[in-house]
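The values are calculated or read from the model by the stated rules, or taken from the named source; none is laboratory data. In this text the structure is predicted, and so the values were computed from the model without any measurement. Backbone-built Cβ (ideal geometry, glycine too); neighbour counts: all protein chains shown.
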Amino acid sequence: YRRQDFLHEVRRITKKRGVDVVIEHIGEEVWERSLLCLATAGRLVTCGATSGYQARTDLRHVFFRHLQIFGATGASKATMFKLLRLLQEEKIRPVIDRVLPLTGAREAHRLLEERQQFGKVVLVPGEGR
């Protein structure tokens, strides 16, 4: 979202229709553009706010386009088992930027702060890769 205008790309790819669902975890910095990516009757699921909690919303856009906004902070035990099964069956794969040893926690934090990663930075005891 920092190197490319994702709203423009969504509009281009969907021929200005918009998408049915946006899963948004960045917060304030992308909130308005995330809502504008939605098609009529679209749903936005928000589950984080790493860039801030004070997001602005033009409510007219929400009610005229029949948008739904959902908040989520976690999953049920059943959902977690389903996700684990999908991971085990390799039907879904997490996006992992890199794996670092636990001693690389400072470097991992720097990467996240400077937004130098694409996906997750995983810390593991031992050597990493």
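Here is a yes/no grid of residues against (1) touching a Cys at 6+ places or on another chain (Cβ under 9 Å); (2) more than 21 Å from Arg115 (Cα to Cα); (3) of a type outside the set (Lys, Arg):
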| site | (1), (2), (3) |
| --- | --- |
| Val19 | yes, yes, yes |
| Glu29 | no, no, yes |
| Gly42 | no, yes, yes |
| Gly48 | no, no, yes |
| Arg60 | no, yes, no |
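For Ala55, indicate whether it is surrounded by 11 or more Cβ atoms within 10 Å (Cβ to Cβ), among the small types (Gly, Ala, Ser) and either assigned by TED's automatic domain parsing to the domain that holds Gly18 or farther than 22 Å from Asp5 by Cα (or both). Answer is yes for this residue.
In the set Thr14, Thr46, which member is in contact (Cβ under 8 Å) with a residue 12 or more places away in the chain and over 16 Å from the mean Cα position of the chain (by Cα)? Explain how you work it out, then say what you get.
Details: Thr46 fails: over 16 Å from the mean Cα position of the chain (by Cα).
Going through Thr14, Thr46 in turn, just one is in contact (Cβ under 8 Å) with a residue 12 or more places away in the chain and over 16 Å from the mean Cα position of the chain (by Cα): Thr14.
Where in segment 33-129 are there helices (runs of 4 or more DSSP H), lying fully within it, with 1 or more residues that are modelled with pLDDT of 90 or more and within 29 Å of Ile13 (Cα to Cα)?
Details: elements: 59-64, 77-88, 105-113.
Correct list: 59-64, 77-88.
If the condition is being crowded, with 17+ Cβ neighbours inside 10 Å and in contact with a strand residue (DSSP E or B) (Cβ under 6 Å, 6 or more places away or on another chain), then segment 18-34 contributes Gly18, Val22, Glu24, Ser34.
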